Amino acid sequence: MKLPDAWRKGGGVVAVVGLGKSGVAATRLLAREGVRVYASDGSDHPYAGAAAESLRQLPGVEVDIGRHDLAKIRAAAGVVVSPGVPLDAPPLAAARDAGIEIVSELDLGFRALAATGETHCIAITGTNGKTTTTALVAHLLATAGLKATSAGNIGRPLADVAVSGDRYRWLSVEVSSFQLHDSPHFAPEVGILTNLAPDHLDRYPNVEAYYADKQMLFRNASPSSVWVLNADDPAVLDLARGVPGRRTLFSLKKPADAWLEKGAGAGLLRLGGAALLRREDLHLLGDHNVANALAAALAVHEAGVPASLIGEGLRSFQALPHRLEPVREVGGVLWINDSKATNIASTVVAIEAMGRPFVLLLGGRHKGEPYTRLGPMLKDRARLVIAYGEAGPIVEQDLKGQVALERGTTFEDVVARARGAARSGDTVLLSPACSSYDMFKNYEERGATFRRLVEAM
């Protein structure tokens, strides 16, 4: 693979900052390429656990766990950063002060895969719907008989795909704003921008800075690029204005390249003039998931999949865990796990998908956006809001007087309160609008805990 000469020269060392799955995969890929690596993580217990420790066995790799040696990072030939490392973290600040190039694991993995000339890439970003759309794209490609898989922020790092030697014709790659920030070589053939709304204001100074990183999807746009865009989202269209390449649009409100035709029943998903499937045959809750399905359909159509196979693939797709996932019904109460809703906009679409009264579990670690936007939606529809976690006092302050509200303590207490408040015919909705890091390792652990408590009832 093509790497900067300084990375390969004798005595040159590349620093890998953060030893989650991405950092471990990046270290392994660099070691395979004969690059000397200094890999570090500030936590005594890196997210990748034993996999991080195992890097010590690789030739030319030095590992620090529980600290970053800033002198070594300042002296590095380059830095590869994991997406979970904040932009202002001391090791990155040290690298920038020393004028060292910082690239993402995504960028490194993409370069390795591009060097093979065998793999094509569909990239998916946006504020919400990224993971479901990424999974939909991979599913539609695979059910059409193409060798494809999902990668990126959805779970498997691109660098891991590269180092494993697995070969795919197509990759469906979820990319976050954090990954795009440091990916100067990332150039997908097809890119999807699902939607835009304020998010990550705990890491960005303002929404403009967040959108600017999302715009990096188009950094290497060319006339042959294809961009799948949400025609119902003015911010998306503004962000893509003037970008080289061909635009294809999806809409829930009007005819477009892919759209929801309203009429008898719940409607019909269309790709141009072709009918894909009836809305009721798409086994996903919420209109936002119709939009995700339309976006995925457009992207895989560009990869050569015909409408008939797209329709079959959409019909067989099942909801992902933690995304409006029905867990079970107990005593006439439906319990739904939407732990992936880590911002206000995600919780808005979850509320919009509710067809009956509900108890909303709202809280976690605050991300900077007020909860007042939820008040008018909850006023006449929510039986109760249970606010919990670090954000509990802010949720209470923003929603008090607009909706019945209680404060929960432990997560077990929150679920018990919901069980006591819900009536037969209601839904209990875990859609926290916050990150999980005050109580849990990640949103998956939060959702799994919710599911365990519900299944034990």
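The values are calculated or read from the model by the stated rules, or taken from the named source; none is laboratory data. Worth saying up front: this structure is predicted, and the values here are computed from it rather than measured. Cβ coordinates were reconstructed from backbone atoms using ideal geometry, including for glycine residues, and neighbour counts include every protein chain displayed. Ligands, DNA and RNA are stripped out before the accessible areas are found, and what is left, the full protein with its side chains, is counted by its heavy atoms. Shrake-Rupley method; radii C 1.70, N 1.55, O 1.52, S 1.80 Å.
Applying the set (1) crowded, with 18+ Cβ neighbours inside 10 Å; (2) touching a residue at least 40 places away in the same chain (Cβ under 8 Å); (3) assigned to a loop (DSSP other than H, G, I, E, B); (4) on the phi < 0 side of the Ramachandran plot to residue 203 leaves exactly one unmet item: (1). Note on the stretch 422-447: among residues that are under 22 Å from the mean Cα position of the chain (by Cα), of a type in the set (A, V, I, L, M) and open to solvent by less than 50 Å² (accessible area, probe 1.4 Å), the one that is farthest from residue 43 (Cα to Cα) is 429. If you go through the stretch 139-163 and keep only what is modelled with pLDDT of 95 or more, under 23 Å from residue 48 (Cβ atoms) and small (Gly, Ala, Ser), you end up with 150, 151, 152, 159, 162. No other residue among 196, 229, 217, 249 is crowded, with 21+ Cβ neighbours inside 10 Å and in a loop (DSSP other than H, G, I, E, B) apart from 196.
Of the helices (runs of 4 or more DSSP H) lying entirely inside the stretch 9-120, the ones with 3 or more residues being of a type outside the set (Gly, Ala, Ser) are found at 21-32, 70-74, 90-97, 105-116. Exactly one residue out of 275, 256 is free of Cβ contacts under 8 Å to residues at least 40 places away in the same chain and outside any loop (DSSP other than H, G, I, E, B): that is 275. The listed residues are 369, 390, 406, 396, and the only one of them that is out of contact with any strand residue (DSSP E or B) (no Cβ under 7 Å at 6 or more places or on another chain) and either over 22 Å from residue 329 (Cβ atoms) or hydrophobic (A, V, I, L, M, F, W, C) (or both) turns out to be 369.
If you go through the stretch 173-188 and pick out every residue that is of a type in the set (S, T, N, Q), touching a helix residue (DSSP H, G or I) at 6+ places or on another chain (Cβ under 6 Å) and either surrounded by fewer than 19 Cβ atoms within 10 Å (Cβ to Cβ) or part of a loop (DSSP other than H, G, I, E, B) (or both), you end up with 1. Output the residues belonging to the stretch 56-82 that are of a type in the set (Ser, Thr, Tyr) and open to solvent by 40 Å² or more (accessible area, probe 1.4 Å). Result: no residue meets the conditions.
Test residue 53 against the criterion of being touching a Pro at 6+ places or on another chain (Cβ under 9 Å) and surrounded by fewer than 17 Cβ atoms within 10 Å (Cβ to Cβ), and give yes or no. Steps first, please.
Values: touching a Pro at 6+ places or on another chain (Cβ under 9 Å): yes; surrounded by fewer than 17 Cβ atoms within 10 Å (Cβ to Cβ): yes.
Against the criterion (touching a Pro at 6+ places or on another chain (Cβ under 9 Å) and surrounded by fewer than 17 Cβ atoms within 10 Å (Cβ to Cβ)), residue 53 qualifies.
Looking across the stretch 29-50 at every residue that is over 19 Å from residue 4 (Cβ atoms) and touching a residue at least 12 places away in the same chain (Cβ under 8 Å), the one that is surrounded by the most Cβ atoms within 10 Å (Cβ to Cβ) is identified as 41.
Taken together, the criteria place residue 358 among residues that are farther than 22 Å from residue 155 by Cα and either among the β-branched types (Val, Ile, Thr) or buried (at least 20 other Cβ atoms within 10 Å of the Cβ) (or both). Looking across 407, 373, 381, one residue alone is among the basic types (Lys, Arg), surrounded by fewer than 21 Cβ atoms within 10 Å (Cβ to Cβ), within 24 Å of residue 204 (Cβ to Cβ) and free of Cβ contacts under 8 Å to residues at least 40 places away in the same chain. It is 373.
With the condition kept exactly as written, say whether any residue in the stretch 260-271 is open to solvent by 30 Å² or more (accessible area, probe 1.4 Å), part of a loop (DSSP other than H, G, I, E, B) and under 19 Å from residue 194 (Cα atoms). For the stretch 260-271, residues open to solvent by 30 Å² or more (accessible area, probe 1.4 Å), part of a loop (DSSP other than H, G, I, E, B) and under 19 Å from residue 194 (Cα atoms): absent. When 93, 135 are screened for being touching a residue at least 60 places away in the same chain (Cβ under 8 Å), of a type outside the set (Ser, Thr, Tyr) and open to solvent by 10 Å² or more (accessible area, probe 1.4 Å), only 135 passes.
Quick check, is residue 419 open to solvent by 30 Å² or more (accessible area, probe 1.4 Å) and under 29 Å from residue 202 (Cα atoms)? Here the answer is no, as residue 419 does not meet what is asked.
If you check 390, 412, which single one turns out to be without any contact (Cβ under 8 Å) to a residue 60 or more places away in the chain and either closer than 14 Å to residue 366 by Cα or assigned to a strand (DSSP E or B) (or both)? Step through it out loud before you land on a result.
Details: 412 fails: either closer than 14 Å to residue 366 by Cα or assigned to a strand (DSSP E or B) (or both).
So the residue among 390, 412 that is without any contact (Cβ under 8 Å) to a residue 60 or more places away in the chain and either closer than 14 Å to residue 366 by Cα or assigned to a strand (DSSP E or B) (or both) is 390.
Would the stretch 160-172 turn up any residue that is touching an Asp or Glu at 6+ places or on another chain (Cβ under 8 Å), surrounded by 24 or more Cβ atoms within 10 Å (Cβ to Cβ) and of a type outside the set (D, E, K, R)? Scanning the stretch 160-172, I find no residue that is touching an Asp or Glu at 6+ places or on another chain (Cβ under 8 Å), surrounded by 24 or more Cβ atoms within 10 Å (Cβ to Cβ) and of a type outside the set (D, E, K, R), so the answer is no. None of 286, 332, 311 is modelled with pLDDT of 95 or more, surrounded by fewer than 24 Cβ atoms within 10 Å (Cβ to Cβ) and on the phi > 0 side of the Ramachandran plot except 332.
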